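Below is one structure, written out as structure tokens; comments come after it.
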Amino acid sequence: MSLLDLWGAAQETTTTTLYWAFSYLLLHPKVKSRVEEELISITKGQRPLIITDCPNTPYYKATLNFNPDRYFSGDRVEQMVVPFGLGKRACPGESLAQAELYLIIGNLLLRYEVTGDPEHMPSMRARKQLGTTRMAQPYHIHFKRRQ
């Protein structure tokens with residue numbers, strides 16, 4: 001395994017996660033608004049989000065955290081997702097990826113009003129192409145600088 005392999009894996013998975021995260025935020029505007037309110041209350045809208053803010057943003061963290069209970073219905077598992085792998089095959093960059101996602105998504109929501117184009121909103125269907133990750137269908141997203 002080379003450094004290029006590690007970089008490629010990190011870049012593709014982080015990009016895919018950002019794509020899906022904004023898909024969900026656009027499709028769930030109440031959640032997005034609540035995250036924005038929490039982030040603005042922590043930073044007063046005067047500074048960027050920093051990693052030490054993490055303990056003070058429980059709602060935002062909950063939107064980013066993996067919660068296996070989401071996949072249980074009664075006594076059986078509906079879907080199994082292990083985003084960073086397990087054991088010897090676990091992702092060595094998990095903590096870095098989670099910190100990156102926390103800061104990138106949080107700071108974009110702080111600095112910009114994020115909206116979707118009603119004519120090209122996200123779909124929860126993945127693209128029909130082979131790859132190491134399942135990328136969301138293309139959609140339009142607008143970032144307007146907050147005042």
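Taken together, the values in this text are just the output of simple stated rules run on the coordinates, not laboratory data. Because the structure is predicted, anything quoted here is derived from the model rather than measured. Note that we place each Cβ from the backbone using ideal geometry, even for glycine, and neighbour counts take in every protein chain shown.
Below is a table of values for the structure above.
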quantity	calculated
Range in the chain, longest, excluding exposed chymotrypsin sites (Phe, Trp or Tyr not before Pro) [loop by DSSP; at most 15 other beta-carbon atoms within 10 Å]	1-65
Spatially proximal lysines relative to LYS30 (Cα-Cα < 16 Å; intrachain offsets below 8 disregarded)	LYS61
Rounded FRET efficiency, nearest 0.05, which uses the C-beta distance separating HIS140 from ASN107 and R0 of 25 Å	0.75
Cα shape, the range 3-145, gyration tensor, a/c 1.5 rule	rounded
Proximal lysines to LYS88, defined as alpha-carbon separation beneath 16 angstrom and excluding residues fewer than eight positions away on the same chain	none
Long-range HN-HN contacts of TYR112 with modeled amide H, under 5 Å	ARG146
Average Cα contact separation per residue, the range 3-145, under 8 Å, 6 or more apart, as relative contact order %	30
